[in-house]
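Here's the structure, in structure tokens; my notes come after.
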Amino acid sequence: MGYLSTLCLSVVCILVAYYAIKIQHRRSLKRTNGCEPANQYPHKDPFFGLDLFFQTGKLFKENRYLPELVRRYGHYGSTFETKSFGSMAINSIRPENLQTVWVSKFKDWGVEPVRLPAQNPFCGRGFITMDGPRWEHSRALLKPSFNKANMTDLSVFEGYVKMVVDQIPKDGSTVDLQPLFFNLYLDTATLFLFGESFNSLAGGMSTDAQKFLEAFDYAMFGSGFQIALGPLKFLYRDPKWHESCKTTHKFADKYVDKALEYRQTLQSTKRNSLEPGDRQQRHILLHGMAEQTNDKMELRNQILQALVAAQETTAVLISNVFFLLSRHPLVWQRLRKEIIALGDSVLDVDTLQNLRYLRNVLNETLRLYPVFPQMNRVALAETTLPVGGGHDGDSPLYVPKGTMFDTSFYVLHRLQSIWGPEADRFDPDRWDTFKPHTWEFLPFGGGPRGCAGRLKATTEASYVVVRMLQEFSQIESRDPQPWTGQVQLTAKNANGCKVALTPV
């Protein structure tokens, strides 16, 4: 009995000493860096922050979340702290903090503790869910498929764009372009990822593809819901979600097997140079990755995560472009003049990138309506941020391990301190005279985890806009409602893109 008492007392002493040292270290870190606390959000529930959790859920449902973010940052400052299920979360749109989290202290911040537990049954370990060497390996698998050489031939893409043009009414009646653009990118994304298009534009989608999409959407929703639940995700019990994950795996495995057959063919023939057919195969992301690994599970995880990243992204951008063009006829006319001047020029990557006014229109659209309106990270270690503390928000900020960092590109891109008093106005000309700092304009994220498909997305978006303005001379808005952000992984207009187009 005496031995047990001595042991318990020793354990208590060790724990007390450990926490005393930890507290002293924390105080020393704060003092050395001049850290001060950030502004605090006035929770009604000061312990767990459930008031903000439920309010945010309601705002998401009512498509009012983005305007509320603008209000919060305007009221509580550019950096403020909230409670998230009892843990601290830092909300900041200060460019200095974004640069620190995304680049300067990249290894102090990650996503794995938040994403992997919720998404592992769905899409496993990959570039979206992992940190460190595993993330670096996953990213390296993707990189070759997104180089410029793989985007030189847009002839296949043209065939799908033509199907979109053919389905637009030529009699001036109203059309919602958003679902057409979504189908365009569903078809071209699946062709790029799997090597086979779902053919939704042609009305030829197979039953298996339809079931896969339904399962994929449900699996992605369930994963996102678990992330939102935080430490309460263990309460999520949904047999349909697990069944949806199995359905997505079965479908993806079929294409993984084909990619591994392609790998085996290359190896068995021992070819050192690429034949024309091989070059086409290497335009397929899954086949390109299969040249680097034969791990079936890894290939499945990577391709599912690639599809998550590609969900609606470029389609949302193009829908927003035409939403804005339909309400700004002078911009439409100027843009069309630039495009007509191309004449019979081949629409390749270089030609599209040299269209200055088109680039301005795309940048301004991404500024006002970033496809990914928010992003977060979690502190993997005890660290600091350069600003955000103190009453003026200019002092360093201490960050304990496990702290969430949330930012809003939607709010950042509308700051009058950066973009001027007319920050809310659509003005492509601003890009001729103002060049924002890297950390003031982040439509594709930034740092090592920035979007690998940025060039592909902007090239294809440019191509669609050019082809549409070559085919149609006028556009008219048929939607009296303002842009209303429906936020999921991306933020799209809840009302679609209802317009009327006049053919040339």
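What follows is calculated from the coordinates using simple rules that are stated; it is not laboratory data. What you see is a predicted model, and the numbers here were worked out from it, not measured in a lab. In this analysis, Cβ positions are derived from the backbone assuming ideal geometry, glycine residues included, and neighbour counts consider all displayed protein chains.
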(message) Return the Rg/Rh ratio of the stretch 36-164 with Cα-based radii and a Kirkwood Rh.
(response) 1.09
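Summing Lys, Arg as +1 and Asp, Glu as -1, what charge do residues with Cβ under 10 Å from the Cβ of residue 314 carry, residue 314 excluded?
Neighbour charge sum, excluding residue 314 itself: -1.
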(request) Quick one: P(r) of the stretch 128-176 from all Cα-Cα pairs, 10 Å bins, percents rounded to integers, in order of increasing distance. (result) 20, 24, 22, 22, 11, 2
(message) Let me confirm the definition first: pairs of Lys residues in the stretch 359-504, 8 or more apart or on different chains, C-alpha distance under 30 Å. How many are there?
(response) 4
(request) Report, largest value first, the span of the C-alpha coordinates of the chain along each principal axis, in whole Å. (result) 90, 63, 42
(request) Using the Karplus curve 6.51 cos²θ - 1.76 cosθ + 1.60 with θ = phi - 60°, work out ³J(HN,Hα) for each residue of the stretch 331-341 in order, rounded to whole Hz, and write x for Gly and Pro. (result) 5, 4, 5, 5, 5, 5, 4, 5, 6, 4, 5
(message) To check my understanding: the extent here is largest minus smallest coordinate of the Cα atoms along each principal axis. What are those three numbers for the stretch 180-253, in Å, largest first?
(response) 43, 23, 18
(request) Note the direction-averaged projected area, equal to a quarter of the hull surface, for the Cα convex hull of the stretch 26-96, in nm². (result) 5.7 nm²
(message) Can you tell me the convex hull volume per residue for the stretch 305-409, based on C-alpha atoms, in Å³ to the nearest whole number?
(response) 176 Å³
(request) Please go through the stretch 32-129 and write out the GluC sites (Glu not before Pro) that DSSP classes as loop and that have at most 12 other C-beta atoms within 10 Å. (result) 62
(message) With N set to the number of residues, divide the alpha-carbon radius of gyration of the stretch 420-504 by 2.2 N^0.38 Å and report two decimals.
(response) 1.35
(request) Report the percentage of all Cα-Cα pairs in the stretch 65-128 whose separation exceeds 21 Å, rounded to a whole percent. (result) 44 percent
(request) Under 18 Å Cα to Cα from residue 250, which lysines show up? Leave out anything in the same chain fewer than 8 places away. (result) 211, 240, 258, 296
(message) Please list, in order along the stretch 204-212, the HN-Hα scalar couplings obtained from phi with the Karplus expression 6.51 cos²θ - 1.76 cosθ + 1.60 (θ = phi - 60°), rounded to whole Hz, x for Gly and Pro.
(response) x, 5, 6, 4, 4, 5, 5, 5, 4
(request) Go from 0 up to the bin containing the longest alpha carbon distance in the stretch 110-223, width 10 Å each, and give me the % of pairs per bin. (result) 12, 30, 33, 21, 5, 1
(request) For residue 474, enumerate residues with amide H under 5 Å from its amide H, sequence gap 5+ or separate chain, H modeled in the peptide plane. (result) 502
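If you take all C-alpha pairs in the stretch 334-477, what percent of them are over 26 Å apart?
Here the tail beyond 26 Å accounts for 39 percent of pairs.
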(message) Residue by residue through the stretch 406-415, what is 3J(HN,Hα) from phi via Karplus (6.51 cos²θ - 1.76 cosθ + 1.60, θ = phi - 60°)? Round to whole Hz and write x for glycine and proline.
(response) 10, 9, 10, 5, 4, 6, 3, 6, 10, 5
(message) For the stretch 90-165, report the % of Cα-Cα distances exceeding 22 Å.
(response) 52 percent
